[in-house]
Amino acid sequence: MVKNSFISVISQKESEENRGSVEFQVFSFTTKIRILTSHLELHKKDFSSQRGLRKILGKRQRLLDYLSKRNRGRYKELIGELDIREIKTR
């Protein structure tokens, strides 16, 4: 429930800003991924949705790789806000 409220706050903020930014695209892919994941928990044999989920995961991964190479600070901030990766401690 906390993630959903956090996502709605981000979506309101981002809807006023640049929709073509890498952060907004990753955010929109993340919401689609969460929706498809909950759908696939109920419908385990929906292979078309599984394929769509894998394609969206790949697109998000490529965008995150691009962002991590271009601006490491924005990348770390984004994964922290969306809670999509575990931050490695060294």
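The values are calculated or read from the model by the stated rules, or taken from the named source; none is laboratory data. Bear in mind that the values here come from a model prediction, so they are computed numbers and not experimental data. Counting neighbours? That spans all protein chains shown, and the Cβs are built from the backbone with ideal geometry, glycine included.
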Worksheet entry | Residues satisfying the stated conditions in region 13-34, i.e. part of a helix (DSSP H, G or I) and surrounded by fewer than 13 Cβ atoms within 10 Å (Cβ to Cβ) | LYS13, SER15, GLU16
Discussion item. So, in region 35-56, how many residues would count as being under 14 Å from ILE84 (Cβ atoms) and loosely packed, with under 14 Cβ neighbours inside 10 Å?
Written reply: 1
Response to the item:
Restricting attention to region 47-75, the residues that are among the aliphatic types (A, V, I, L, M) and farther than 14 Å from THR30 by Cβ number exactly 0
Worksheet item: Is it true that THR37 is among the β-branched types (Val, Ile, Thr) and modelled with pLDDT of 95 or more?
Response: yes
Discussion item. When you check ASP83 against the structure, is it surrounded by fewer than 14 Cβ atoms within 10 Å (Cβ to Cβ) and touching a Lys or Arg at 6+ places or on another chain (Cβ under 9 Å), yes or no?
Written reply: yes
